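The structure appears below as structure tokens.
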Amino acid sequence: MDIYFYAAILLYVSFQYVIGSYTYCSPDGMKNLWCKNTSNCYTNYHSKFGFYFINHCLACEAIPEWAIPLPNVTYLPLDVEMENVFGAESLLMTDQAFNNSTYFRFEYAHGYLTKLPRNICQFYVVFIDVSYNLFEEIGNISCLRILDTLKMNKNRLTFVSNKTFAEMPKLRYIDLSGNKITKLDFNILNYPRTNILYIHLDENHLHTLDIGNIIVPNNTFCMLSYKDNKHPIKISNSKHFNLAESNSYLCGDIDFSNVRLNIHPFMTIVTNPVDLYKFVKCGKLEYHGATYDCDCTFAEFLPLKYNDFNRLFGALLFKSTCQNPEPLRGISVTELFYNESLHHLMVCDVQDGCPNIGRCKCVCTSQPSTDSLIIECSNQNCTDLPHVVPVTEHKIVLSMIGNQIQSVSSKYYFNAVKILNLAGNPVQSFDESIGNFTNAVEIKLTDHLLDSLPRSVQSLDPNVFVFGQKGIPCNCDNRWIGEWRKFKKALYPLYCSNDKNVSIEDFVSLKTDCDSKQVSLLPLYSLIPLILSLILMWKLRHRRYDVEIIRSQFQPIDENIQRRWKIDVYISFDEDNDDVRLFVLQILESFFRRKKISTYIPDRDSLPGRTKEQNIINNLQNCKYCLILQSSDMYDLDKSKSFTKRMEYKLAWDMFTDKTLCKVLVINFDKSEKEAFQGMKTKALYRRGMGFKIYDRKHSLYEKIAEVFSEPLASNTKHVRQRQRTISAYLRQKSK
């Protein structure tokens, strides 16, 4: 009896010792992983980057529970019995006793298996190593629900389905290196209830690769490796995934060492590459020994800080070189980053949208180093500016030298034009749209035939225009042009076409018959300050609610108020309107559920035993946002519920401007002709981007809701929020 007693005591003490050395640290809430309490993931180097870096570090250090020497867990090997010489039939067996807490490993490397043993599903297998065998397909392994590691490298696999690893929540490590894989199904990494931390696909035969098999949005992973692939790989983005639009983040290490890619993977998933570091929260990309096409797409990333550029383009940049274009071939990526004299060579021909009408053919080139899309249409017999230009984030340099353009009329892209060269064109007139060249730094008109300029030109800097030796008539009608140029201190001369020795600014200074016409206007000019003051006072009175909204948006929300929020959106609407009620309960509520946004609907969620006023006050205080769905007769005083609807509006406005409610969104459900309740406040919300007309077919209601309610309380899963609180508490304790 004493022996058993002391053995039990020893077992208990050892169990507590082992458990005390580890902490449960599953990165996704599905895997039973443990981290050492002495982990260095909380050191200053990692912790200064915040939750994502620490979470990534812990996930990659974690080990499964069967790898911990726990006294109550056994981990046994399985033997295999071959049933035929072709490796297609085999059987697993063990002569050791086991129970429900026994884990098994199956190792059979350097053999001739072509299929997994037929009874493998009868054991709790967590580790499989069948490297250097003859497998041509992985087969159906869905029964291995607790499998942690699968090593099937150096076999004969040619294809991987995206259903192969589906619904395998414990799967952590996969090695399929050294096979003959030529094709991967889309999205093999992020299938439902699957989050693989390590996947090795080195030394395979891929020709194409979709970005869906490179990135894992909103999940951490440790290593994804395609290094030493036997062929160049063409990266694509078939689903047009965009990190910024989907509000996603990436966190994991990727290795493309010694692989020729047509484009850096991260270049396909952002609209503005400069913001890439905001979405790639942690991890790095290894790309050493590789060659880049150092064209305009590559140049988009040069504005990044070198540390971020180095992390996203590979830690050993000095071993990576440019393959194209020819002038940059062989130059290291690091040298290219720092040598700004080479940046202008990183260009791309742009085909889509480049003007090509009749004999007026243009060549379009993107040059990010100068923030330019160059559209070259010189000497092409063009009679007008292009009606359409390529879509671009850069400024437009439009060269129309030596054409037959006589009149310049409005084009949608004028505000994106940086340089417009109309030298060698007989330009006789501009329309009022010339005022839209707000970003232009040069408009060259050295061979014009202008008689005047439109009045809208006064909003521009006169130094933008280069008229050369060609002038315009100096007369009373054009006197304002001289005054404008003189007031804004024009540098380039504009001569009088009727007197080559006089500039139009000098003409203004000369005494002419025009002076007598100006005197009669002086009394009117004296009234301008009074009129402007009255207009300003009127504006301030009618825009006072805009000021309240702007002030509210710039004020921080108290942390105590944020902790009080339990629900995302309070929905105020007319429950007596059948159409509105159907829209809220069936359509709008379904959308919120898909977006994991919680809602409070008064008739559905109000607590019994409280007055309507108490329910409104208490539940608005518990909500982060308020959505007001306005409809005809909603606020009419003869309606029974109009009082509560009016109270909801007033209280939501007061809480929003007092910073106890984050945002308010007003939606107009129908085209009511009556004067709106609290109309001036509603108009102010519309002007500040917090209003939407549901019958507006040009914009999406769902996009508007997602834009305004962009940070729901339940945007992260429960286990992530718990881990954030744990890590934050640890860091606060450490900083004391």
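The values are calculated or read from the model by the stated rules, or taken from the named source; none is laboratory data. Everything numeric in this text was worked out from a predicted model, so none of it was measured. Note that each Cβ is placed from the backbone with ideal geometry, even for glycine, and that neighbours are counted across all protein chains shown. SASA here: full protein model, heavy atoms, side chains in, ligands and nucleic acids out. Shrake-Rupley method; radii C 1.70, N 1.55, O 1.52, S 1.80 Å.
Taking the Cβ of Ala490 as the center, what net charge do the other residues with Cβ under 10 Å away carry, scoring Lys and Arg +1 and Asp and Glu -1?
+2
Go through region 159-188 and name the chymotrypsin sites (Phe, Trp or Tyr not before Pro) that are in a DSSP coil and have 14 or fewer other Cβ atoms within 10 Å of their Cβ.
For chymotrypsin sites (Phe, Trp or Tyr not before Pro) across region 159-188 that sit outside H, G, I, E and B with at most 14 neighbouring Cβ atoms in 10 Å, the list reads Phe186.
Kindly flag which residue pairs out of Lys281/Lys395; Lys284/Lys596; Lys234/Lys418; Lys170/Lys281; Lys284/Lys624; Lys624/Lys645 have an alpha-carbon separation exceeding 28 Å in this structure. All intermediate terms of the calculation are to be shown ahead of the outcome.
Numbers: Lys281/Lys395 30 Å; Lys284/Lys596 30 Å; Lys234/Lys418 34 Å; Lys170/Lys281 24 Å; Lys284/Lys624 36 Å; Lys624/Lys645 19 Å.
Beyond 28 Å between Cα atoms: Lys281/Lys395; Lys284/Lys596; Lys234/Lys418; Lys284/Lys624.
Could you run the Karplus curve 6.51 cos²θ - 1.76 cosθ + 1.60 with θ = phi - 60° over region 105-120 and give me ³J(HN,Hα) per residue in whole Hz, x for Gly and Pro?
Working through the residues one at a time gives 10, 10, 10, 8, 8, 6, x, 9, 5, 10, 9, 5, x, 5, 9, 5 Hz.
Heavy-atom accessible area per residue, region 603-687, 1.4 Å probe: how many Å²?
With all protein chains present, region 603-687 gives 48 Å² per residue.
Within region 114-150, which residues have the backbone N less than 12 Å from the label spot 7 Å out from Ala88 along Cα→beta-carbon, could you tell me?
Within reach of a label on Ala88, which here means backbone N under 12 Å from a point 7 Å along Cα→Cβ, region 114-150 contributes 114-115.
Restricting to region 74-280, what percent of DSSP beta bridges are antiparallel, rounded to 5?
Antiparallel: roughly 10 percent of the beta bridges in region 74-280.
What does the extension gain come out to for Thr611 and Gln428, with contour length at 0.36 nm per residue minus their alpha carbon separation? Don't jump to the answer; show the numbers that get you there.
Values: separation 183, 0.36 × 183 = 65.88 nm, distance 7.43 nm.
So the chain would gain 58.4 nm between Thr611 and Gln428.
For Leu420, what charge total do you get from the other residues with a beta carbon under 15 Å from its beta carbon, if Lys and Arg give +1 and Asp and Glu give -1? Can you show the working numbers first?
Values: positive: Lys395, Lys411, Lys418, Lys444; negative: Glu376, Asp384, Asp431, Glu442, Asp447, Asp461.
So the environment of Leu420 carries a net charge of -2.
Whole percent per 5 Å bin, from 0 to the bin with the longest distance: what is P(r) over all C-alpha pairs of region 74-280?
1, 7, 14, 18, 18, 14, 10, 7, 5, 3, 1, 0, 0
Measure off, as a whole percent, the carbon and sulfur share of the 1.4 Å-probe accessible area of region 164-216, all protein chains present.
Carbon and sulfur atoms account for 50 percent of the accessible area of region 164-216.
Measuring from label point to label point, each 7 Å out along Cα→Cβ, what is the Lys641 to Tyr702 span in nm?
For the pair Lys641/Tyr702, the computed spacing is 2.6 nm.
Starting from the 7 Å offset along Cα-to-Cβ, what nm value, one decimal, do you get for the label separation of Glu559 and Thr370?
Using points 7 Å along Cα→Cβ, the separation is 5.2 nm.
Just need log10 I(q)/I(0) for region 348-470 at q = 0.10, 0.13 Å⁻¹, Debye formula, equal scatterers on the alpha-carbon atoms, no solvent, rounded to two decimals.
Result of the Debye calculation: -0.27, -0.47.
Name the residues of region 433-453 whose amide N is less than 14 Å from a point 7 angstrom out from the Cα of Asn415 along the C-beta direction?
Residues 433-440 fall inside that zone.
How big is region 75-144 by Rg and Dmax over its Cα atoms, in Å?
11.8, 34
Taking only protein heavy atoms and a 1.4 Å probe, what accessible area per residue, in Å², does region 547-594 have with all protein chains in place?
Numbers: 2840 Å² over 48 residues.
Per-residue accessible area for region 547-594 comes out at 59 Å².
What are the extents of the Cα atoms of region 21-180 along their three principal axes, listed from largest to smallest and rounded to whole Å?
Taking the Cα atoms of region 21-180, the three principal extents are 57, 39, 26 Å.
Give me the percent of accessible area attributable to carbon and sulfur for region 378-473, probe 1.4 angstrom.
It is 47 percent, rounded to a whole number.
Calculated FRET efficiency, Asn99 and Lys163, Cβ-Cβ r, R0 25 Å, to nearest 0.05?
Efficiency computed from Cβ-Cβ geometry: 0.20.
What GluC sites (Glu not before Pro) in region 335-394 are in a loop by DSSP, with at most 14 other Cβ atoms within 10 Å of the Cβ?
For GluC sites (Glu not before Pro) across region 335-394 that sit outside H, G, I, E and B with at most 14 neighbouring Cβ atoms in 10 Å, the list reads Glu393.
How far apart, in nm, are two points set 7 Å out from the Cα along the Cα-to-Cβ line at Tyr42 and at Ser452?
The answer from the label model is 7.8 nm.
Counting only residues 5 or more places away or on other chains, whose amide H sits under 5 Å from the amide H of Leu76 once H atoms are built in the peptide plane?
For Leu76, the qualifying residues are Tyr103, Phe104, Arg105.
Compute the length gained on full extension between Gln469 and Ser710: take 0.36 nm times their separation in residues and subtract their Cα-Cα distance, giving the result in nm to one decimal.
Once the chain is fully extended between Gln469 and Ser710, it gains 81.1 nm.
Quick one: what are the phi-derived ³J(HN,Hα) couplings along region 560-575, Karplus 6.51/-1.76/1.60 with θ = phi - 60°, whole Hz, x for glycine and proline?
Calculated HN-Hα couplings, in order: 5, 5, 4, 5, 6, 5, 10, 10, 6, 10, 8, 10, 9, 7, 7, 5 Hz.
In Å², what does the accessible area per residue of region 152-222 work out to with a 1.4 Å probe?
Here the residues of region 152-222 average 33 Å² of exposed surface.
Over all directions, how big on average is the projection of the convex hull of the alpha-carbon atoms in region 631-692, in square nanometres?
4.3 nm²
Mind giving me the FRET efficiency for Val441 and Cys121? R0 is 56 Å, r the Cβ-Cβ distance, nearest 0.05 is fine.
Numbers: r = 71 Å, r/R0 = 1.26.
Step by step, r from the Cβ atoms, then E = 0.20.
Just flag the chymotrypsin sites (Phe, Trp or Tyr not before Pro) in region 387-483 sitting in loop per DSSP whose Cβ has no more than 12 other Cβ atoms within 10 Å.
Answer in residue order: Tyr412.
How large, in percent, is the carbon and sulfur part of the accessible surface of region 69-146 at a probe radius of 1.4 Å?
50 percent
Using 0.36 nm times the number of residues separating Ser407 and Arg193, minus their current alpha carbon distance, what extension gain do you get?
So the extension gain works out to 70.8 nm.
Quick one: net charge of Trp66's neighbours, Cβ under 13 Å, K/R +1, D/E -1?
The answer is +2.
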